[in-house]
Amino acid sequence: MKINPAIGILGGTFDPIHNGHLYIANSVAEQLSIPTIKFIPCYQPVHRPPTQASVTDRIAMLELALAGHPQFEMDRREIERKGPSYMIDTLKSLRQDYPNSPLNLLLGADAFENITSWKSWAELLDYANFIVVSRLNIAMNMPHPSLKNQITLDPQDLLQTVHGQVYKFEIEPCKISATQVREAIKNQKDVSTLVPKDVADFIDEKHLYGCNH
Ligand code: ATP
């Protein structure tokens, strides 16, 4: 089978998208030579309370943040599918569209830590590789012993193997979280170092997250 170029997948609530997301996507694209990263906003999160911003506003912020990054694109399949956004369904649908591409699911260490609570979690690796990215104060321990067999130390595997590999991508952690951004806005603090400028302006104009400027 001819292997097509690898694809990175960053699923999230993006409530809002922030510089931490862009930092991990950039690091994966540049350091691991993955040419395209798909940002996939969820419609309805299943592991957490509902988002504060609407679907329309979350998408608008993603569009603003991704403009000018040709290697990043938004993928709306979870929005179009509606209902609870299960990653297993998303990966199955991506696999149909890209049968010969390595699919590499980016997971912050916090998300990886909780992976065994995701629907059909053990099957996720039948469709994709995992790239587990450092996150501040979270150890990259294996959430389940069975995953140990799937660890690879060679990032080339992410370009040559279409699924089934777990790679720990240890980079300088970035401490930004969407929670921190929402808190800062609520407390009328400056967020110019936390989100792209166009996103900050949008939040301001639409008075999102309790912003009352
Ligand atoms: P919240 O604070 O609302 O929980 P979040 O900042 O974790 O949000 P999400 O959209 O839920 O943002 O995250 C999507 C994915 O990006 C998850 O896999 C998460 O672990 C990862 N991620 C987000 N921020 C970072 C960061 N600063 N470093 C590494 N991974 C991150």
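Structural remarks
- Cα-based Lys pair tally, region 158-213, threshold under 20 Å, eight or more apart or on separate chains: 8
- Heavy-atom accessible area ranking, 1.4 Å probe, most first, across Asp204, Asp198: Asp198, Asp204
- For the chain, the per residue solvent-accessible surface stands at 48 Å², with DNA, RNA and ligands left out and a 1.4 Å probe.
- Note: relative contact order over the chain, using C-alpha pairs below 8 Å and six or more positions apart, is 24 percent.
- Sum of side-chain charges, Pro143 neighbourhood, beta-carbon under 13 Å (Lys, Arg +1; Asp, Glu -1): 0
- Relative contact order, percent, region 1-113 [alpha-carbon distance under 8 Å, six or more residues apart]: 39
- The accessible-area ordering, largest first, of the residues Thr116, Thr90, Thr13, Thr193 stands as Thr193, Thr116, Thr13, Thr90, per a 1.4 angstrom probe.
- Each Cα pair under 8 Å and six or more residues apart adds its separation to the average, and for region 89-213 the resulting relative contact order is 23 percent.
- Selection of trypsin sites (Lys or Arg not before Pro), region 120-213, meeting DSSP coil and at most 16 other Cβ within 10 Å: Lys175, Lys189
- Cα gyration tensor shape for region 1-99, rounded if a/c is under 1.5, else prolate or oblate: oblate
- When both bridge partners sit in region 7-174, DSSP labels roughly 5% of those beta bridges antiparallel.
- Whole-percent carbon and sulfur share, accessible surface of region 7-174, 1.4 Å: 47
- Region 7-174 shape via C-alpha gyration tensor axes, a/c threshold 1.5: rounded
- Per-residue surface analysis assigns Glu172 an accessible area of about 140 Å², computed on protein heavy atoms at 1.4 Å probe radius.
- Added length on full extension, which subtracts the Cα-Cα distance from 0.36 nm per residue, Gln188 to Lys175: 2.7 nm
The values are calculated or read from the model by the stated rules, or taken from the named source; none is laboratory data. Nothing here was measured: the structure is a model prediction, and the numbers come from that model. Neighbour counts are summed over all protein chains in view; Cβ atoms, including those assigned to glycine, are modelled from backbone coordinates with ideal geometry. Ligands, DNA and RNA are excluded from the accessible area calculation, which covers all protein heavy atoms including side chains. Shrake-Rupley method; radii C 1.70, N 1.55, O 1.52, S 1.80 Å.
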